[in-house]
Ligand code: NZQ
Ligand code: ZN
């Protein structure tokens, strides 16, 4: 096991009816900005639950955060934060809304050009407004981590930053809020959380038994309950298990003391920035291709995953690993998330564009060994056509 330090100070309030707890978590004299997306929370009753919990408090609202949130939209929110003297940000939505809120929180306190926050990967952040969350989509883990991903639409740059200043003070996770998700977002969320675990698990063995078995538990849970969320969308237990699994998948716990891959995410991020595919869709396309390309290096962990999670009984590691790749692709497809570039009308002509973006962003040493160059990424994408 590698050395590590672990820190997470986000309070999680989990369960049905817990949105009412907001009053306990936000200072009574705060001026709150409720940040939300395209309006789903106004159709499914979540906005009413939030505003009735905030009754008697001072609040304003900022809607219109788009999926894969735009820098320009966030900067409009920053203006309103300053005009209305907002001192608490409440994100109500999925990963996009939470990420946007984190960026707004940091940008509101930033001196100078706010894009520096992204360019420095968060190093330039010196402070932030407090952020709280009401999560409505189980997927990203943003509700319990220091990461935010923001897109500059004019240049098609989708990039992340990390800062402890933007870690949510609290996140309310009521599984019932996810009943209204469209099937496409259920699929995306299942794939995203599953891939988060895999990026931290299918690398090379470092004899980290606790982390491996936590990861295997999360994978088994998502594998078992993901399809049920499609066929039985109002099953509370299914939604609860998927929600907690997604949070635990990317809150730092299973990353402790183990190598991380993240090549799939970084290549996928460029595909979304350029062509607008959903985050989960890009992962379903790229991950089987990364694994096929890196089969030899990942053989041992792929075989372990195949045997312990997928129930593959094959004794030979290489064959078990190959079977694990096939089964993973089948799982993504069963969740309604297609796994080939062609499924999204993208062909070989996109490969040079993606490679150019990786180079521009200096993502030139990807993977757990830092040996995936943009030229390798091109070969990986050829396997994903
Ligand atoms: O905009 P609204 O109206 O909220 O509708 C959203 C949106 O159209 C809808 N939705 C959310 N909750 C709903 C709902 N519709 C009905 N009922 C509900 N309860 O779903 C659509 C997608 O929402 P979005 O927030 O974009 O999805 P997700 O949670 O998958 O977030 C994706 C974003 O998070 C980033 C991705 O790159 C992408 O930008 N990620 C953030 C990470 C992090 N901060 O740690 C890590 C991830 O790897 C990921 O990169
Ligand atoms: Zn992700």
- [ ] Report whether or not residue 349 is surrounded by fewer than 20 Cβ atoms within 10 Å (Cβ to Cβ), more than 24 Å from residue 188 (Cα to Cα) and without any contact (Cβ under 8 Å) to a residue 24 or more places away in the chain.
- [x] yes
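Results for (1) more than 17 Å from residue 32 (Cβ to Cβ); (2) within 11 Å of ligand 1 (Cβ to nearest atom); (3) in contact with a helix residue (DSSP H, G or I) (Cβ under 8 Å, 6 or more places away or on another chain), shown as yes or no for each residue.
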residue: 69; (1), (2), (3): yes, yes, yes
residue: 86; (1), (2), (3): no, no, yes
residue: 95; (1), (2), (3): yes, yes, yes
residue: 107; (1), (2), (3): yes, no, yes
Task: Matching residues in segment 174-208 - criterion: being away from ligand 1 (no atom under 12 Å from the Cβ) and touching a strand residue (DSSP E or B) at 6+ places or on another chain (Cβ under 8 Å) - done: none
TODO: Grab the strands (runs of 3 or more DSSP E) fully contained in segment 1-85, keeping just those with 1 or more residues being more than 22 Å from the chain's Cα centre (by Cα).
DONE: 31-35, 58-62
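Condition check ((1) in contact (Cβ under 8 Å) with a residue 60 or more places away in the chain; (2) farther than 30 Å from residue 276 by Cα; (3) within 16 Å of ligand 2 (Cβ to nearest atom)) across all residues:
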position: 4; (1), (2), (3): yes, yes, no
position: 9; (1), (2), (3): yes, yes, no
position: 16; (1), (2), (3): yes, yes, no
position: 22; (1), (2), (3): yes, yes, no
position: 27; (1), (2), (3): yes, yes, no
position: 31; (1), (2), (3): no, yes, no
position: 37; (1), (2), (3): yes, no, no
position: 41; (1), (2), (3): yes, no, no
position: 72; (1), (2), (3): yes, no, no
Task: Enumerated strands (runs of 3 or more DSSP E) restricted to segment 140-209, each holding at least 2 residues that are within 16 Å of ligand 2 (Cβ to nearest atom) and surrounded by 21 or more Cβ atoms within 10 Å (Cβ to Cβ) - done: 147-152, 157-162
Open item on the list: So residue 229 passes all but one of these: (1) surrounded by fewer than 24 Cβ atoms within 10 Å (Cβ to Cβ); (2) away from ligand 2 (no atom under 16 Å from the Cβ). Which condition number does it fail?
Closed with: (1)
Task: Checklist (1) buried (at least 24 other Cβ atoms within 10 Å of the Cβ); (2) under 16 Å from residue 147 (Cβ atoms) applied to residue 272, failing item - done: (1)
- [ ] Test residue 267 against the stated conditions and say whether it is touching a helix residue (DSSP H, G or I) at 6+ places or on another chain (Cβ under 9 Å), within 15 Å of ligand 1 (Cβ to nearest atom) and not in a helix (DSSP H, G or I).
- [x] no
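Laboratory data are not the source of any read-out in this text; all were calculated from the coordinates shown. Remember, it's a predicted structure, so these values are computed and weren't measured experimentally. Cβ coordinates were reconstructed from backbone atoms using ideal geometry, including for glycine residues, and neighbour counts include every protein chain displayed.
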